[in-house]
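> Can you keep this structure in mind? I'll have questions shortly.
The values are calculated or read from the model by the stated rules, or taken from the named source; none is laboratory data. Computed from a predicted structure; not experimentally measured. Here Cβ is always computed from backbone atoms with ideal geometry, including for glycine, and neighbour counts include all displayed protein chains.
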Amino acid sequence: MHFLPDQASTFAGHVDALYLFLIAVTAFFSLLIGVLVVVFAIKYRRRSADEVALEVHESGLLEIVWTVIPFVIVMVMFFWGASVFFRITRPPSNAIDIYVTAKQWMWKLQHTDGRREMNELHVPVGQPVRLTMASEDVIHSFYVPAFRFKRDVVPGRFSVAWFEATKPGKYHLFCAEYCGTRHSNMIGWIYVMTPADYEAWLAGGTPGETLASAGAKRFVENACNTCHGEQKGARGPSLNGLFGRAVRLQNGQTVVADEAYIRESIVNSQAKLVEGYPPIMPTFQGLISEEGLLQLTAYIKSLSPAAAASAAAPAATPAPERMSTKP
Amino acid sequence: MSRQDNGHGSLGAYFGVFAALMVLTALTLWAAFQHLGIWNTPVALAIATTKAVMVVLIFMHLRSSPRLTAIVVATSVLFLAFLLLVTASDYLTRTWIPIYFR
Amino acid sequence: MTNENAPHAPRVGARANYLNASYGVRSWLLTSDHKRIAVMYLIGVTVFFAIGGLAAALIRLELLTPAGDVFQAETYNKIFTTHGIMMVFFFMIPGIPAVLGNFLVPLMIGAKDLAFPRINLLSWYLYIIGGLTALWAVVHGGLDTGWTFYTPYSTVYSNGWVVVTAVGIFIAGFSSILTGLNFLVTIHTMRAPGMHWTRMPLFCWGMYAASIIQILGTPVVAITILLVGAERLFHLGIFDPAQGGDPVLFQHLFWFYSHPAVYIMILPAMAVISELVTAFSRKPIFGYKFIAGSSIAIAVLSFLVWGHHMFVSGQSVYAGLVFSVLSFLVAIPSAIKVFNWTATLYKGSVSYQTPLLYALGFIGLFTFGGLTGLFLACLGLDIHVHDTYFIVAHFHYIMVGGTIMAYLGGLHYWWPKISGKMYPEYWSRVSAWVIFIGFNLTFFPQFIVGYLGMPRRYHAYPEEFQVLNVMSTAGASILGIGYLIPLVYFIWSMRYGQDAADNPWGATGLEWETPSPPPTENFPETPVVTGIAYDYLTGKEEAAVG
Amino acid sequence: MGSSTHAADVAARDAPPELRHHFVDMEAQKEASALGMWIFLVTEVLFFGGMFTAYVIYRAAYTRAFEGASNLLDLKLGAFNTVVLILSSLTMALAVWAGQQGKKALIILFLLLTVLLGSTFLGVKVVEYKQKFARHEVPGPHFVVPMDEATHQPLPRQAEMFFSLYFCMTGLHALHMIIGIGLLLWLVARARRGDFTVRYNTPVDMVGLYWHFVDIVWIFLFPLLYLLGRHTL
């Protein structure tokens, strides 16, 4: 009977340390209160029917003490928790890309070289893996207890998160957000493999059509190239080298073109109008499937190979912006 | 406290507020067609809030009601502000790139 | 002055009281006496608790085995949704406020009745109509969205009775609003002369704080559920991402109410505990102002913390930080209360009657439950434990270990006043221990299986979690028996119980100055309050006995 | 318990018929009723507040779509409705004033005027809704994405969200108007029976508070729904 799941990611150790600290605090205060209550109940039990209690004066100091001490403790918890949380919010730049499509009651995982897997994911150990996830119907949640990794996959946007496996093995994959009848069957396995095994596995499988090429086909099908072509005076902004670049908008702000920006500009094209171009792009809300949006994003990312590597440039300072959301 | 009635506005106050509301309605209509850039919405909301405050103070005679009623009204506005601002804060900061923490 | 003379002569020796003031179903169903309405709520709340409890038993039965072999997946989903809805909206929210609050608030502040008695009766009818509507939906096939109605599953993909259940909850929501409104106006305008705010029993402070939340929170969930219903009926796209809607906005609007709602559940429980601890230590409360102040602080702060339900749902990082720090702050007033209760026991004259057993059980379990809440407020940890059984264990420690323990403690404590009869002391102590043991065996293993990664709402789970789930089901059966015992002896006591004295515990409080059970108009003439709340006679140090 | 007869209990024996048994005197009863109504209005503020939050969020997300769709609304009817509603607030206030004076004829006159104005408002709303049904601007399966008057291009598809919110907000507001008119007619019936005197006119006051609140909701709805995109024309 073990009380902690396997620690199989860089993140797991930090979370468990924090967990043990909170357990210590919980145990201490529960015991403190429990013992005090039992001791007082026994020591001051009513011995005769009309026995009266003893006068006890209220003490403001005591009240301040047991307000400040809990406050300090919870603030320590907060800062420690926030630091652990920030560790996972930014994918490192050397992460490999996996595109995940969640559909009612199964996970479709696609590697950039086109290899597709169902409810299973093979990743090399010691290599950060960035998941770009989209849902085709309801909210799902990609949860790997061994990595202490969980991220809701909300339909209507990309959910980007990452993990780095540190221990080869076979780990549970669960869907953690209730998503319907077979919610408990939407499970799978993450296979963390040593580099040698991973190479062998890669060699064994036959890579299918890469996402980027599927995206290119879809780019033409939806007549995107009529405006976003490379010819002079094209009506839409050129997409070469777009990914990762800062884009100046009509309202004067600049935005970093990440996956979310690409998706929003397809689905809700009027949200961020690029400077120097008329707002004539139709909105493709509900016209392109999640699969298609993933492919288009992969295609556009492939148009700027340099940018793809340093997609998550650390230097970008927070760009406060007019209210915008990714529905 | 207000003039002759036991705590309720007089006729003059009612007609005065009515006139003011009409003027403000005309003003907000006019202002809507002016190009004030990002100030269009704040101006419209400011006018609407003024009209609402006048209705509450005079028509609903909050001015001559016990202080507790004013506290109740303030609480509703405060908690509505909680709902609006905290929800909006999520949407506003969603595109901010988190500080890089390694 | 009883407003109607009793049709038959009252029982020999029984003084005129609110129970025998008039007979017949009409006299109950059209009553505007807050005490009778409280008893009718007691019956309604018990029925819905039984339904929710049955659903809980079925869940635990299914989870005995890793494979989903007792029910089909869809049936299991409908069962846990029924358990959630029945317990949250039809037992926990009305629970203590409607039963104990309705009965006691007028009595404790020296009033003849609530400010709006007929609206109080309307609240009961809205509660029953809402409850029956939700029950109708359950009987006709139920719904499988979970009690949270998350979109777009509830609006687009679920084929259960979402709209009918939403209407049921909407109606019951107004019962909660009107009860809160009644308490606020009563406490503000109808306190007896001399009953200043600082002399009011802490029970009324707890009801006041819970009413504030009911008034400010319930309308928001009402409109949210209305929008979900409208979206299903008229194919609007407000929360449907395919048409530009945002499911996270639904979560914001839903949790804006649903987190303060958990404080509607716990504040009345804390209010009961303040009464029990003082009465059975026979000693003024320690830190009256701090406990009353904590209730109000919780009521206000609870409206700013809802984001901790959405740390992993794509909410912005900075909003997550703000919600995390505020969620930690809202834990402080609860800690202050626990410390003050413990200090009240110090140098008291503690008598081990059943209400105190429940109170001490509450203090222990609520402390542990509250502290596990800090795990969820903590950003780094919530990533791992969100939507797992760790969370299920946390909120059951607060709701079952806290609110239900306090509810039973309060029910035992005021049973002489409500029914005029005493409950059997032996059996009540046995059931208190059975409940305490069964509860811990049920929910403590869930913390462990939760951190190991077992997700919530799973019909089938991996084998390695089975041992802990079997322990939990074993505990649930003990807990189930524990709850049946009080049901039996409370009914038994109404007929065969020993007649109760006006003040069986020797406690302070205006409600103990009325006969048991009190007359319809509570106080022949309005009492005048002179002393502080709980001004028990206390001896000096040197005069201490033994 | 001493047998000190409390001043209130003496007053209770020869109290006016409208005094409820659990109140000390009429003033306390009126104060409690007013506080109760104001607290109810707090719940209404937050009830509409939920929808205003959705409106604010989606307008920020789909500004172009919302501005374009808003310009399709009939401004003349909207402005006329605003004037009608503010006028009805005046007549309601006069009805409350008349109630305090106990002038039965004036109470009935002003109440009926308020009912008339409220019905006019609802009539205009019916006209507006019919217009939208005709132009397929009603969200749902047969919604047609309208043309943007400024650029003569079809509006972004999220314009349907604007109309969803438009119908939810104005629909709920209209429902509150219907309830208000029902209450006013009930007041007229009671006024005709002579229930309202200088000493007892609380119901008129309470319905007045409710009616003014519904007017305030429209005071915010009108600019947010009708005026937000006009500056772009």
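> Would you point out which residue out of D:Gly123, D:Gly68, D:Gly118 is buried (at least 22 other Cβ atoms within 10 Å of the Cβ), at pLDDT 95 or above and farther than 21 Å from B:Leu57 by Cβ?
Working: D:Gly123 fails: buried (at least 22 other Cβ atoms within 10 Å of the Cβ); D:Gly68 fails: at pLDDT 95 or above.
One residue alone meets the criteria, D:Gly118.
> Could you tell me how many of the residues in segment C:301-334 are touching a strand residue (DSSP E or B) at 6+ places or on another chain (Cβ under 6 Å) and closer than 19 Å to A:Thr67 by Cα?
So the count comes out to 0.
> Within segment B:30-47, work out how many residues are surrounded by 19 or more Cβ atoms within 10 Å (Cβ to Cβ) and of a type in the set (S, T, N, Q). Lay out the reasoning, then the answer.
Kept after step one, since they are surrounded by 19 or more Cβ atoms within 10 Å (Cβ to Cβ), are these residues of segment B:30-47: B:31-32, B:40, B:44, B:47.
Then keep just the ones that are of a type in the set (S, T, N, Q); that gives B:40.
Here the count works out to 1.
> Same structure, new question: Exactly one condition in (1) modelled with pLDDT of 95 or more; (2) more than 30 Å from A:Tyr143 (Cα to Cα); (3) crowded, with 22+ Cβ neighbours inside 10 Å; (4) not acidic (Asp, Glu) is not met by C:Phe303; state its number.
If we test C:Phe303 against (1) modelled with pLDDT of 95 or more; (2) more than 30 Å from A:Tyr143 (Cα to Cα); (3) crowded, with 22+ Cβ neighbours inside 10 Å; (4) not acidic (Asp, Glu), just (2) comes out false.
> Right, next: Take D:Val138 and tell me if it is assigned to a loop (DSSP other than H, G, I, E, B), out of contact with any Pro (no Cβ under 6 Å at 6 or more places or on another chain) and crowded, with 18+ Cβ neighbours inside 10 Å. Steps first, answer last, please.
Values: assigned to a loop (DSSP other than H, G, I, E, B): yes; out of contact with any Pro (no Cβ under 6 Å at 6 or more places or on another chain): yes; crowded, with 18+ Cβ neighbours inside 10 Å: yes.
Yes, satisfied.
Condition check ((1) modelled with pLDDT of 85 or more; (2) of a type in the set (A, V, I, L, M, F, W, C)) across all residues:
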{"position": "C:Asn5", "(1), (2)": "no, no"}
{"position": "C:Tyr18", "(1), (2)": "yes, no"}
{"position": "C:Ser22", "(1), (2)": "yes, no"}
{"position": "C:Val25", "(1), (2)": "yes, yes"}
{"position": "C:Leu30", "(1), (2)": "yes, yes"}
{"position": "C:Ala38", "(1), (2)": "yes, yes"}
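Residues are listed down the side, and each one gets a yes or a no for (1) within 11 Å of chain A (Cβ to nearest Cβ); (2) surrounded by fewer than 24 Cβ atoms within 10 Å (Cβ to Cβ); (3) closer than 18 Å to C:Gly475 by Cβ:
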| position | (1), (2), (3) |
| --- | --- |
| C:Met422 | no, yes, no |
| C:Tyr426 | no, yes, no |
| C:Arg429 | no, yes, no |
| C:Val434 | no, yes, yes |
| C:Ile437 | no, yes, yes |
| C:Phe444 | no, yes, yes |
| C:Ile448 | yes, yes, yes |
| C:His459 | yes, no, no |
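> Given the conditions (1) farther than 30 Å from B:Leu45 by Cα; (2) within 19 Å of the chain's Cα centre (by Cα), report the number of the one that D:Val198 does not fulfil.
Just one mismatch for D:Val198, condition (2).
> Of everything in segment C:88-99, what is part of a helix (DSSP H, G or I) and crowded, with 24+ Cβ neighbours inside 10 Å? Give them in sequence order.
From segment C:88-99, those part of a helix (DSSP H, G or I) are C:88-92, C:95-99; that's our starting set.
If the condition is that a residue be part of a helix (DSSP H, G or I) and crowded, with 24+ Cβ neighbours inside 10 Å, then C:Phe89, C:Phe90, C:Phe91, C:Met92, C:Gly95, C:Ile96, C:Pro97, C:Ala98, C:Val99 are the ones that fit.
> With surrounded by fewer than 21 Cβ atoms within 10 Å (Cβ to Cβ), without any contact (Cβ under 8 Å) to a residue 40 or more places away in the chain, within 9 Å of another protein chain (Cβ to nearest Cβ) and under 27 Å from D:Gly208 (Cα atoms) as the only criterion, which of D:Val83, D:Val56, D:Val42 stands out? I'd like the intermediate steps shown before the answer.
Working: D:Val56 fails: under 27 Å from D:Gly208 (Cα atoms); D:Val42 fails: surrounded by fewer than 21 Cβ atoms within 10 Å (Cβ to Cβ).
Among D:Val83, D:Val56, D:Val42, only D:Val83 is surrounded by fewer than 21 Cβ atoms within 10 Å (Cβ to Cβ), without any contact (Cβ under 8 Å) to a residue 40 or more places away in the chain, within 9 Å of another protein chain (Cβ to nearest Cβ) and under 27 Å from D:Gly208 (Cα atoms).
> Somewhere in segment A:53-68, is a residue at the interface with another protein chain (Cβ under 9 Å from one of its Cβ atoms), of a type in the set (Asp, Glu) and closer than 28 Å to C:Leu329 by Cα?
Yes, that holds for at least one residue.
> Yes or no: segment C:63-70 includes at least one residue that is among the hydroxyl-bearing types (Ser, Thr, Tyr), under 25 Å from C:Val470 (Cβ atoms) and either surrounded by fewer than 22 Cβ atoms within 10 Å (Cβ to Cβ) or in contact with a helix residue (DSSP H, G or I) (Cβ under 6 Å, 6 or more places away or on another chain) (or both).
Within segment C:63-70, one or more residues are among the hydroxyl-bearing types (Ser, Thr, Tyr), under 25 Å from C:Val470 (Cβ atoms) and either surrounded by fewer than 22 Cβ atoms within 10 Å (Cβ to Cβ) or in contact with a helix residue (DSSP H, G or I) (Cβ under 6 Å, 6 or more places away or on another chain) (or both).
> For segment C:312-339, what are the residues that are under 16 Å from C:Ser302 (Cα atoms) and of a type in the set (Phe, Trp, Tyr)?
Of everything in segment C:312-339, those that are under 16 Å from C:Ser302 (Cα atoms) and of a type in the set (Phe, Trp, Tyr) turn out to be C:Phe323, C:Phe328.
> Something else now. Is segment A:221-238 home to any residue that is over 28 Å from A:Ile98 (Cβ atoms) and within 14 Å of chain D (Cβ to nearest Cβ)?
yes
> In a helix (DSSP H, G or I) and either within 14 Å of chain A (Cβ to nearest Cβ) or of a type in the set (Phe, Trp, Tyr) (or both): is that true of C:Phe149 in this structure? Break it down stepwise before answering.
Values: in a helix (DSSP H, G or I): no; either within 14 Å of chain A (Cβ to nearest Cβ) or of a type in the set (Phe, Trp, Tyr) (or both): yes.
When the stated conditions are applied, C:Phe149 does not pass them.
> Which number in (1) within 14 Å of another protein chain (Cβ to nearest Cβ); (2) over 30 Å from A:Lys103 (Cβ atoms) marks the one condition that C:Thr133 misses?
Single failed check for C:Thr133: (1).
> Follow-up question, since we're still on this one. Condition test on C:Gly348, is it at the interface with chain A (Cβ under 10 Å from one of its Cβ atoms), touching a residue at least 40 places away in the same chain (Cβ under 8 Å) and in contact with a Phe, Trp or Tyr (Cβ under 7 Å, 6 or more places away or on another chain)?
yes
> Take the residues in segment A:17-47 that are within 7 Å of another protein chain (Cβ to nearest Cβ) and not hydrophobic (A, V, I, L, M, F, W, C); name whichever of them is farthest from C:Ala331 (Cα to Cα).
Only one residue tops the list, namely A:Arg47.
> Out of the residues in segment A:29-87 that are hydroxyl-bearing (Ser, Thr, Tyr) and at pLDDT below 90, state the one that is nearest to C:Phe368 (Cα to Cα). Working first, answer last.
Pass one, segment A:29-87, residues hydroxyl-bearing (Ser, Thr, Tyr): A:30, A:44, A:48, A:59, A:67, A:83.
Subsequent filtering for residues that are at pLDDT below 90 retains A:48, A:59.
Values: A:Ser48: 33, A:Ser59: 26 Å.
Residue satisfying both the conditions and the ranking: A:Ser59.
> Looking at this structure, is A:Pro237 closer than 24 Å to A:Glu275 by Cβ and part of a loop (DSSP other than H, G, I, E, B)?
Details: closer than 24 Å to A:Glu275 by Cβ: yes; part of a loop (DSSP other than H, G, I, E, B): yes.
So A:Pro237 fits the description; yes.
> Could I ask something else about it? Just give me the residues in segment B:50-79 being under 11 Å from the mean Cα position of the chain (by Cα) and facing another protein chain (nearest Cβ under 8 Å), in sequence order.
The answer is B:Lys51, B:Ala52, B:Val55, B:Val56, B:Val77.
> Considering only residues of segment D:199-230 that are part of a loop (DSSP other than H, G, I, E, B) and surrounded by fewer than 20 Cβ atoms within 10 Å (Cβ to Cβ), which is farthest from the other protein chains (Cβ to nearest Cβ)?
Of all residues in segment D:199-230, those part of a loop (DSSP other than H, G, I, E, B) come to D:199-201, D:228-229.
Add one more test, that the residue is surrounded by fewer than 20 Cβ atoms within 10 Å (Cβ to Cβ), and what stays is D:199-200.
Details: D:Arg199: 11, D:Tyr200: 13 Å.
So the residue we want is D:Tyr200.
> Given the residues A:Phe79, A:Phe85, A:Phe158, which is the only one that is within 24 Å of A:Thr10 (Cβ to Cβ), more than 7 Å from chain C (Cβ to nearest Cβ) and within 12 Å of the chain's Cα centre (by Cα)? Working first, answer last.
On the way: A:Phe79 fails: within 12 Å of the chain's Cα centre (by Cα); A:Phe85 fails: more than 7 Å from chain C (Cβ to nearest Cβ).
Going through A:Phe79, A:Phe85, A:Phe158 in turn, the sole match is A:Phe158.
> Could you tell me which residue of segment B:48-71 is surrounded by the fewest Cβ atoms within 10 Å (Cβ to Cβ), considering only residues that are modelled with pLDDT under 95 and more than 21 Å from B:Ser10 (Cβ to Cβ)?
Of everything passing the filter in segment B:48-71, B:Arg67 is surrounded by the fewest Cβ atoms within 10 Å (Cβ to Cβ).
> Is it the case that some residue within segment C:404-411 is touching a His at 6+ places or on another chain (Cβ under 7 Å), part of a helix (DSSP H, G or I) and either crowded, with 24+ Cβ neighbours inside 10 Å or at pLDDT 95 or above (or both)? Let's see the steps before the verdict.
Step one: list which residues in segment C:404-411 are touching a His at 6+ places or on another chain (Cβ under 7 Å), which gives none.
No, segment C:404-411 contains no residue that is touching a His at 6+ places or on another chain (Cβ under 7 Å), part of a helix (DSSP H, G or I) and either crowded, with 24+ Cβ neighbours inside 10 Å or at pLDDT 95 or above (or both).
> So is C:Ala279 aliphatic (A, V, I, L, M), touching a Pro at 6+ places or on another chain (Cβ under 6 Å), within 12 Å of another protein chain (Cβ to nearest Cβ) and surrounded by fewer than 24 Cβ atoms within 10 Å (Cβ to Cβ) or not? Lay out the reasoning, then the answer.
On the way: aliphatic (A, V, I, L, M): yes; touching a Pro at 6+ places or on another chain (Cβ under 6 Å): no; within 12 Å of another protein chain (Cβ to nearest Cβ): yes; surrounded by fewer than 24 Cβ atoms within 10 Å (Cβ to Cβ): yes.
No: the conditions fail for C:Ala279.
> Go over the candidates C:Phe465, C:Phe490 one by one and state the one that is under 30 Å from C:His384 (Cα atoms) and surrounded by 18 or more Cβ atoms within 10 Å (Cβ to Cβ). Walk me through how you get there before you give the answer.
Working: C:Phe490 fails: under 30 Å from C:His384 (Cα atoms).
After ruling out the rest, the residue left standing is C:Phe465.
> In segment C:18-39, which residues are farther than 11 Å from C:Leu121 by Cα, surrounded by 15 or more Cβ atoms within 10 Å (Cβ to Cβ) and hydroxyl-bearing (Ser, Thr, Tyr)?
Listed by number, the residues that qualify are C:Tyr18, C:Ser22, C:Ser27.
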